[in-house]
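Structure record follows, encoded as structure tokens.
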Amino acid sequence: MRADRRRPARRAPAVTRSAVTGSAVTGSAGTGSAGTGSPSPALSDFASRVLDVAEAIPPGTVMSYGDVADYLGEGGPRQVGRVMALWGGGVAWWRVVHANGSLLAGHERAALARYREESTPMRPVEGSGPRRVDMRRARWSGPA
């Protein structure tokens, strides 16, 4: 591959909720998240529950990937991250963050814009350090 050509960024297919069943449905059937034409993996029960939790997080609050796994009592941060990478584009993906509050690499600007809109508590920037969500103030314990 030539140095001046870049590969397109990976994008997750849009996920919408069916008005009839309430279940998640991928918006670009038949294409994988990398746009290679390979089918997307089927949405599992675990993935659907992860997306339901992400959808339920109120504006201005966040949960870490591990928080979501702990709330569900299944999987771990990596499994939640995989679900969000594949199908999270149709839910409030910026509300599911790393445990240290760091922003999703490559999506910092979009996430910061959402955090500003929602008044999500942020940690003060020290020097030239990256922005982070203030997890002590912004963390949500999950749906009741």
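The values are calculated or read from the model by the stated rules, or taken from the named source; none is laboratory data. This one's a predicted model, so the numbers in the text were calculated from it and none came from an experiment. In this analysis, Cβ positions are derived from the backbone assuming ideal geometry, glycine residues included, and neighbour counts consider all displayed protein chains.
Quickly run through segment 55-96 and pick out the residues that are within 8 Å of the chain's Cα centre (by Cα) and in a strand (DSSP E or B).
Listed by number, the list holds a single entry, Val96.
Give just the number: which of (1) more than 12 Å from the chain's Cα centre (by Cα); (2) not in a helix (DSSP H, G or I) does Arg137 not satisfy?
(2)
So which residues in segment 110-138 are modelled with pLDDT of 95 or more and either hydroxyl-bearing (Ser, Thr, Tyr) or at positive phi (or both)?
Tyr115, Ser119, Thr120
Can you find even one residue in segment 96-106 that is within 18 Å of Met135 (Cβ to Cβ) and touching a residue at least 60 places away in the same chain (Cβ under 8 Å)?
Within segment 96-106 (the criterion being within 18 Å of Met135 (Cβ to Cβ) and touching a residue at least 60 places away in the same chain (Cβ under 8 Å)), the answer is no, since none of the residues qualifies.
Looking only at residues that are aliphatic (A, V, I, L, M) and surrounded by 13 or more Cβ atoms within 10 Å (Cβ to Cβ) in segment 100-109, which one is farthest from Trp140 (Cα to Cα)?
So the residue we want is Leu104.
Restricting to segment 120-144, and then to whatever is in contact with a Pro (Cβ under 8 Å, 6 or more places away or on another chain) and of a type in the set (A, V, I, L, M), can you tell me which residue is surrounded by the most Cβ atoms within 10 Å (Cβ to Cβ)?
Applying the filter and picking the extreme gives Val133.
Quick grid of which residues meet (1) more than 22 Å from Ala144 (Cβ to Cβ); (2) modelled with pLDDT of 95 or more; (3) buried (at least 19 other Cβ atoms within 10 Å of the Cβ); (4) touching a Pro at 6+ places or on another chain (Cβ under 9 Å):
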site: Arg11; (1), (2), (3), (4): yes, no, no, no
site: Ala29; (1), (2), (3), (4): yes, no, no, yes
site: Gly66; (1), (2), (3), (4): no, yes, no, yes
site: Ala69; (1), (2), (3), (4): no, yes, yes, yes
site: Gly75; (1), (2), (3), (4): no, yes, yes, no
site: Val80; (1), (2), (3), (4): no, yes, yes, no
site: Met84; (1), (2), (3), (4): yes, yes, yes, no
site: Trp94; (1), (2), (3), (4): yes, yes, yes, no
site: Val97; (1), (2), (3), (4): no, yes, yes, no
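(1) among the small types (Gly, Ala, Ser); (2) surrounded by 13 or more Cβ atoms within 10 Å (Cβ to Cβ); (3) under 13 Å from the mean Cα position of the chain (by Cα); (4) in a loop (DSSP other than H, G, I, E, B): which one isn't true of Ala47, the others all being true?
Answer for Ala47: the failing condition is (4).
Find all pairs meeting these conditions: Cβ atoms under 6 angstrom apart; at least six residues apart or on different chains; first residue within segment 77-88 and small (Gly, Ala, Ser); second residue modelled with pLDDT of 95 or more.
Here the result reads Gly81/Tyr65, each pair linking segment 77-88 to a residue that is modelled with pLDDT of 95 or more.
Select from segment 87-144 the residues that are touching a helix residue (DSSP H, G or I) at 6+ places or on another chain (Cβ under 8 Å) and of a type in the set (D, E, K, R) and list them in ascending order.
The answer is Arg95, Arg114, Arg131, Arg139.
Among the listed residues Ala105, Ala99, Ala111, identify the single one that is within 28 Å of Ser44 (Cα to Cα) and either assigned to a helix (DSSP H, G or I) or basic (Lys, Arg) (or both).
Ala111
Restricting to segment 37-51, name every residue that is touching a Gly at 6+ places or on another chain (Cβ under 9 Å) and modelled with pLDDT of 85 or more.
Phe46, Val50, Leu51
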